[in-house]
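Bear in mind that the values in this text are calculations on the coordinates, not laboratory data. Just so you know, these numbers come straight off a predicted model, no measurement behind them. Using ideal geometry, Cβ is built from the backbone for each residue, glycine included, and neighbour counts are taken over all protein chains shown.
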Amino acid sequence: MEKNFIIAGFGGQGVLLAGEVLANAFMLDDKNVTWYPSYGAEMRGGTVNCEVAMASDAEVSSVSKKKVDFVIALNQLSFDKFLPKIKKGGMMIANSSLVKELKTRTDIEYIFAPISKMAEDLGNIKMANILSLGILSSATNLVSVETLTKALDTVLPPHRKNLLPKNIEALKLGFGFNLTAAAI
């Protein structure tokens, strides 16, 4: 079983960190994984995305697929750009704080969550990236919050370890988000 993910937003939202955490979590679960970052020449504010390909029982074929299973879009530009790449039956997790809640496709599942607002309410809008991984964990059951927590501890550099407790709180908040209400 191979599953493909895109996490996308603008520079400064921690998109690449979220992808690295997700990839490491899959590795901790003994999955085969590839993580591929992509960003424009701009720094903060430019578009950023990364792809994660995970296979549980085979080698990962490649990244840069024509179609993916899951997209996390943290801003409108990313939502518009990657919506067409989602496979039939796939899922779009969108940050409704920055994305219009439009369901133009009927062959995929949508989860609209006010990710930025939730992170801001938590005390740090920069936690939106990790909060979105909690939502992904809850919606897919492909990786647990416990494994994501271990991956966070592995990925965060020593000078950022003080942020681990707040990131764990963000993961749990995302995991506990009411998916039923978000899908209506």
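Please go through the stretch 82-111 and pick out each residue that is in contact with a Ser or Thr (Cβ under 8 Å, 6 or more places away or on another chain) and touching a residue at least 60 places away in the same chain (Cβ under 8 Å).
ASN95
Can you work out which of the residues in the stretch 121-148 that are among the hydroxyl-bearing types (Ser, Thr, Tyr) and over 16 Å from VAL33 (Cβ atoms) is farthest from the chain's Cα centre (by Cα)? Steps first, please.
Going residue by residue through the stretch 121-148, those that are among the hydroxyl-bearing types (Ser, Thr, Tyr) are 132, 137-138, 140, 144, 147.
Still in the running and over 16 Å from VAL33 (Cβ atoms): 132, 138.
Numbers: SER132: 5, SER138: 12 Å.
It comes out as SER138.
Could you run through the stretch 132-156 and say how many residues are out of contact with any Phe, Trp or Tyr (no Cβ under 8 Å at 6 or more places or on another chain), crowded, with 22+ Cβ neighbours inside 10 Å, under 17 Å from ILE93 (Cα atoms) and among the aliphatic types (A, V, I, L, M)?
So the count comes out to 1.
Take the stretch 101-115 and flag every residue that is exposed (fewer than 14 other Cβ atoms within 10 Å of the Cβ), in contact with a Phe, Trp or Tyr (Cβ under 8 Å, 6 or more places away or on another chain) and not acidic (Asp, Glu). Write out each step before concluding.
Of the stretch 101-115, the ones exposed (fewer than 14 other Cβ atoms within 10 Å of the Cβ) are 101-104, 106-107.
Imposing the further condition that a residue be in contact with a Phe, Trp or Tyr (Cβ under 8 Å, 6 or more places away or on another chain) reduces the set to 101, 103.
Within the stretch 101-115, just LYS103 meets the criteria.
Can you tell me which residue is nearest to LYS67 (Cα to Cα) among those in the stretch 91-100 that are out of contact with any Phe, Trp or Tyr (no Cβ under 6 Å at 6 or more places or on another chain) and in a strand (DSSP E or B)?
First, pick out the residues of the stretch 91-100 that are out of contact with any Phe, Trp or Tyr (no Cβ under 6 Å at 6 or more places or on another chain): 93, 95, 97-98, 100.
Filter again for in a strand (DSSP E or B), leaving 93, 95.
Details: ILE93: 16, ASN95: 21 Å.
Applying the filter and picking the extreme gives ILE93.
If I ask for residues that are in contact with a Ser or Thr (Cβ under 9 Å, 6 or more places away or on another chain) and either in a helix (DSSP H, G or I) or not β-branched (Val, Ile, Thr) (or both), which ones from the stretch 143-169 would you list?
Narrowing the stretch 143-169 to residues in contact with a Ser or Thr (Cβ under 9 Å, 6 or more places away or on another chain): 143-145, 147-148, 164, 167-168.
Passing the criteria: SER144, VAL145, THR147, LEU148, LEU164, ASN167, ILE168.
Just to verify a result, which residue in the stretch 49-80, among those that are among the acidic types (Asp, Glu) and touching a residue at least 40 places away in the same chain (Cβ under 8 Å), is surrounded by the fewest Cβ atoms within 10 Å (Cβ to Cβ)? Walk me through how you get there before you give the answer.
Within the stretch 49-80, the subset among the acidic types (Asp, Glu) is 51, 57, 59, 69, 80.
Applying the additional criterion that residues be touching a residue at least 40 places away in the same chain (Cβ under 8 Å) yields 51, 57, 69.
Numbers: GLU51: 22, ASP57: 8, ASP69: 20.
In this case the residue turns out to be ASP57.
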